[in-house]
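Everything below concerns the one structure shown next.
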């Protein structure tokens, strides 16, 4: 799996950059960063094209909107840049963001530039290259960082207006319903059922924290020699929202089989040294000072997030069919939308039966 997604490849023609224009913009807008540019494209990532730039003797990363017709409110690199800048002086590890460019004449679409962070990215949550003790440490570190994020006061870091307060799940279901409909390529009955059921059954409880929106193991960079996260990546879906909804998305790996979308379901957790879902949730509750939450609420958030991920992957699939996807594996990844939607509806059926 890692060979598919790790490292870089030559830039695809549809996503090429004008290095002359880019070099001139960088020299003018980023202090201490100038010289001839070499560009490669990262293999991973399904949404915003991401490039490794060598500018003189330094390396940095450019993330841009994809070209072509885009879904409304998607690919929000401006918001991604804003949240990274806001978190630079907190305990949440992020890459240093240099500058944001709205001028589409420079790179074809809006983009931002950030520091290149050395480290390890794990694409398989089962961590086959490790021994049980190492896996336990990696999972404990992920749990620590997402709990730390959800403990931040948005106002204290200048993000009090980064999104609305309250009503997060209602807005998200509405948003991803629109995104799914705009990218729909065939009828998925389970999605139609979820679109009707989720708004009518959402939990009454609501609270507001900074949410990442896509916190999973392959969006984290770990230190080369220690189980320590050195950068949390891909903040495109971040906003203000309900922390349990965000944490449930992170925990979906325990509900998804390995062949569907980097899942863990069916794994012998004890043998591998990976915590069970229950153990992992308990660690989060301890770190965030929560006494617990209703089981029905947790199951709802799981169904909602499976629906949300299915809608995201449908968008990936639609972009792949249009020819402006960021990853060479987009068709394969996007084809999981139906499987995840059906898993979400099965979750609803289990909830209703209980």
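The values are calculated or read from the model by the stated rules, or taken from the named source; none is laboratory data. All of these numbers come straight from a predicted model, not from anything done at the bench. For neighbour counting, all protein chains shown are included, and Cβ atoms are generated from backbone atoms with ideal geometry for every residue, glycine included.
Numbers below:
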| item | result |
| --- | --- |
| Residue check for residue 140: farther than 15 Å from residue 241 by Cβ and at pLDDT 95 or above | yes |
| Whichever residue in segment 45-64 is touching a helix residue (DSSP H, G or I) at 6+ places or on another chain (Cβ under 7 Å) and in a loop (DSSP other than H, G, I, E, B) and, among such residues, is modelled with the lowest pLDDT | 46 |
| Cβ-Cβ under 6 Å pairs, at least 6 apart or on other chains, segment 273-286 side exposed (fewer than 14 other Cβ atoms within 10 Å of the Cβ), far side part of a helix (DSSP H, G or I) and modelled with pLDDT of 95 or more | 276/269 |
| Residues that are buried (at least 16 other Cβ atoms within 10 Å of the Cβ) and not in a helix (DSSP H, G or I), drawn from segment 125-164 | 125, 126, 127, 130, 152, 159, 162, 163 |
| Flag if residue 246 is surrounded by fewer than 20 Cβ atoms within 10 Å (Cβ to Cβ), touching a residue at least 40 places away in the same chain (Cβ under 8 Å) and touching a strand residue (DSSP E or B) at 6+ places or on another chain (Cβ under 8 Å) | no |
| Qualifying positions in segment 12-35 - touching a strand residue (DSSP E or B) at 6+ places or on another chain (Cβ under 8 Å) and over 24 Å from residue 322 (Cβ atoms) | 19, 22, 23, 25, 26, 29, 30, 33, 34, 35 |
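For every residue, the table says whether it meets (1) modelled with pLDDT of 95 or more; (2) buried (at least 19 other Cβ atoms within 10 Å of the Cβ); (3) at negative phi.
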residue	(1), (2), (3)
66	no, yes, yes
78	no, no, yes
83	yes, yes, yes
104	no, no, yes
